[in-house]
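Presented below is the structure to which this report refers.
Read-outs throughout are calculated quantities, based only on the coordinates presented, and are distinct from any laboratory measurement. Keep in mind that what you see is a predicted model, and the values were worked out from it rather than measured. Reconstructed Cβ throughout: ideal geometry from the backbone, glycine too, with neighbour counts over all protein chains shown.
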Ligand code: 5GP
């Protein structure tokens, strides 16, 4: 949707298990919000679509694009490479869109350090016992990997002070409402941006 004004980058980030992807899916129900499709070298999961969920690249392709300066930020997350493409971001801002990046903490802090203008929102798990339960429920990790993820989440949690806003995801509806409010989505279309 274009209003003739410049758009805005909104970075949603937080530890794995914080519920940030669920929140982003809800935000994307609003036609004013557009999703930044990242590039990744990880394998496609069942139900994922190339070009919609991610641009799935080989390590070689990813490195070539990185050397070419195609990524505004990139990071290695659990052994796979992920990067935000610069071109679509610039186009979206030009077109007046609210451009949503769902990225990890390393990537968000890279953008912040670059002084990339935008709104930086940290999604925090309510507490670490709840995070452990969420990661256990996902049941995709071995105990060693689970401990590693919890340790990483604790390190990432300390970085929350570098963001513009921290939203505690203790209740999904409440967290979605809070983020929508921060993004100005509660105002009628074209206002509050
Ligand atoms: P998943 O593989 O589960 O989709 O994502 C793993 C992690 O990578 C999540 O924390 C997700 O937010 C993060 N991620 C996805 N795309 C990007 C990206 O373009 N850059 C960075 N730095 N992290 C990303």
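Treating only the Cα positions of the range 102-193 as identical point scatterers, give the base-10 log of I(q)/I(0) from the Debye formula at each q in 0.12, 0.19, 0.24 Å⁻¹.
The calculated log intensity ratios at q = 0.12, 0.19, 0.24 Å⁻¹ are -0.47, -1.00, -1.27.
Can you work out the FRET efficiency for the pair residue 144 and residue 68, with r the C-beta to C-beta distance and R0 = 45 Å, to the nearest 0.05?
0.75
Could you tell me the largest-minus-smallest coordinate of the C-alpha atoms of the range 1-114 on each of the three principal axes, in descending order and whole angstroms?
Cα spread of the range 1-114 along its principal axes, largest to smallest: 39, 31, 28 Å.
Which residue fluctuates the most in the chain, going by a Gaussian network model with Cα springs under 10 Å, if the choices are 47, 14, 115?
Of 47, 14, 115, the Gaussian network model singles out 47 as fluctuating most.
Which order do the peptides 129-137, 92-100 take when ranked by the mean count of other beta-carbon atoms within 10 Å per residue, highest first?
So the order, starting with the most tightly packed, is 92-100, 129-137.
Limiting things to C-alpha atoms, what are the Rg and the maximum Cα-Cα separation (Dmax) for the chain, in angstroms?
16.5, 51
I want the antiparallel fraction of DSSP beta bridges within the chain, as a percent rounded to 5.
Around 30 percent antiparallel, to the nearest 5.
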